[in-house]
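Working notes, beginning with the structure itself.
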Amino acid sequence: MLRVESISRSFGPMKALDQVSFDVSPGRLTGFVGGNGAGKTTSMRIIMGVLAADSGQVSLNGKPVTRPVAATFGYMPEERGLYPKTPVAEQLIYLARLHGVNRAQAEENVADLLERLNLTARAGDRLEKLSLGNQQRAQIAAALVHDPAVLVLDEPFSGLDPMAVDTVMAVLRERAAHGVPVLFSSHQLDVVERITDDLVIIASGQIKARGATADLQRQYAGSRYRLEAADVAWVGSVPGVTEVVVEGSAAAFDAAPEVAQQVLQQALAKGPVAGFNRVIPSLAEVFREVVGDAPKADEAEVAPPPKKRRGLFGKGAAK
């Protein structure tokens with residue numbers, strides 16, 4: 001398990017992270033969501049050792065994440081970092097070799113990833129010749145090419161069309177199925193809702209909610225109910241019922257739990273009931289409920305891109 005414990009980080013007078021704590025469990029996809037400047041990228045850079053925390057620690061299976069340990073992780077930064085004039089397959093093999101993968105295995109890994117990500121036909125093309133969406137898929141391949149112990153992906157779905165999103169989702173689910181902890185950030189909450197097992201919501205450098213995605217959706221379900229029956233036109237006349245929307249044989253409405261039960265009893269007295277349930281909110285609705293009017297900032301001001309330095313992909317050179 002990857003564990004972030006009480007991480008804090010300031011940039012001058014700006015406190016980017018304030019006692020941030022969350023877990024990324026093996027074999028589970030954890031979505032990390034928040035507005036611009038919330039602290040997602042700063043947190044990921046600290047996990048990878050690209051930035052140092054002012055306090056707190058990051059651990060994997062109970063042991064601190066040192067630089068050699070972080071070198072076994074797969075990291076995809078939001079800013080594309082591959083070589084624009086180098087052929088795709090060539091640089092992916094090179095990056096795998098930097099991680100200590102032998103040439104035969106590196107070539108096999110690259111061939112498999114390019115096929116899974118629908119990039120085989122572009123293997124010999126320079127990166128700069130690819131569309132932005134294909135460049136994004138190549139960047140994802142770079143994070144996966146050395147069979148990482150942990151995946152940390154910053155906005156992996158950015159710039160992808162719906163079919164490419166599905167392709168990347170399938171690859172990430174496969175890695176999680178093999179026991180890899182996967183942490184990814186995204187502003188595309190509909191995508192996050194489709195793929196995540198667990199969710200972490202951050203705002204203004206603080207964790208506002210965390211847990212299994214389905215549990216959080218149930219926790220933040222409001223007073224909205226849905227009734228399906230032959231006759232629902234009367235629902236709005238029940239005292240305490242508000243915000244009624246009737247569509248055919250279904251009525252959605254707001255009510256306190258005891259009033260909702262009265263509606264159900266009256267519906268049963270009138271005839272068969274096809275369905276009655278509390279409306280589970282979308283992830284976007286949960287996010288708005290949790291974050292509220294939290295102030296937002298330009299993340300580039302909070303966490304400027306780190307200076308380039310050796311060791312991002314581990315020590316050593318390809319052999």
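No value in this document is a laboratory result; all are computed from the given coordinates. Please read all numbers here as calculations on a predicted model, not as lab measurements. Counting neighbours? That spans all protein chains shown, and the Cβs are built from the backbone with ideal geometry, glycine included.
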**Asked** Tell me, what ³J(HN,Hα) does each residue in the stretch 79-91 have, in order and in whole Hz, if you take phi through Karplus 6.51 cos²θ - 1.76 cosθ + 1.60 with θ = phi - 60° and put x for Gly and Pro?
**Response** 7, 5, x, 7, 8, x, 9, 9, x, 4, 4, 4, 6
**Prompt:** What nm distance separates the two modelled labels at Glu108 and Ala252, each placed 7 Å from Cα along Cα→Cβ?
**Reply:** 5.1
**Item:** Cα-Cα P(r), the stretch 222-279, percent of pairs per 5 Å interval
**Value:** 4, 24, 38, 26, 8, 0
**Request:** Please compute P(r) over all alpha-carbon pairs of the stretch 1-149, binned at 5 Å starting from zero, and give each bin as a whole-number percent.
**Result:** 2, 9, 17, 18, 17, 14, 12, 8, 3, 0, 0
**Item:** Karplus-derived 3J(HN,Hα), 6.51/-1.76/1.60, for each residue of the stretch 219-228, Hz, glycine and proline x
**Value:** 4, 9, 5, x, 9, 9, 10, 9, 10, 10
**Request:** Return the calculated 222 nm mean residue ellipticity for the chain, to the nearest 500 deg cm²/dmol, obtained by summing -39500 (n - 2.57) across DSSP H runs with n ≥ 4 and dividing by the residue count.
**Result:** -10000 deg cm²/dmol
**Message:** Taking 37 °C and 0.692 mPa s as the conditions, I'd like the Stokes-Einstein D for the stretch 54-106 in µm²/s, using the Kirkwood hydrodynamic radius from alpha carbon pairs.
**Reply:** 244
**Complete:** Per the rule of 0.36 nm per residue minus the C-alpha distance, extending Asp161 to Val273 adds in nm 36.2 nm
**Item:** Lys pairs, the chain - Cα-Cα below 25 angstrom, 8 or more residues apart or on other chains
**Value:** 21
**Complete:** The ³J(HN,Hα) series, computed from each phi in the stretch 32-46 with the Karplus coefficients 6.51, -1.76 and 1.60 at θ = phi - 60°, rounded to the nearest Hz and given as x for glycine or proline, is 10, 10, x, x, 4, x, 6, x, 5, 5, 4, 4, 5, 5, 5
**Request:** Please find, in a Gaussian network model of the chain (springs between Cα atoms separated by less than 10 Å), the residue of Ser43, Ser223, Ser204 whose mean-square fluctuation is greatest.
**Result:** Ser223
**Asked** What nm value, rounded to one decimal, do you get for the distance between Asp197 and Ala123 when each label is placed 7 Å out toward the C-beta?
**Response** 3.2
**Message:** Tell me which trypsin sites (Lys or Arg not before Pro) from the stretch 1-95 have a DSSP coil assignment and no more than 13 other beta carbons within 10 Å of their own.
**Reply:** Lys85
**Asked** Can you work out the FRET efficiency for the pair Gln57 and Gln219, with r the C-beta to C-beta distance and R0 = 30 Å, to the nearest 0.05?
**Response** 0.60
**Complete:** Computed D for the chain, Stokes-Einstein, Kirkwood radius over alpha-carbon pairs, 10 °C, 1.306 mPa s, to the nearest µm² per second, is 73
**Asked** Got a sec? How would Tyr83, Tyr94 order by Cβ neighbour count within 10 Å, fewest to most?
**Response** Tyr83, Tyr94
**Request:** Starting with the highest mean, order 261-274, 177-190 by the number of other Cβ atoms within 10 Å, averaged over the residues of each peptide.
**Result:** 177-190, 261-274
**Message:** What FRET efficiency comes out for Thr242 versus Ala212 if R0 is 25 angstrom and r is the Cβ-Cβ distance? Round to the nearest 0.05.
**Reply:** 0.25
**Antiparallel bridge percentage (DSSP; both residues within the chain; nearest 5)** = 70
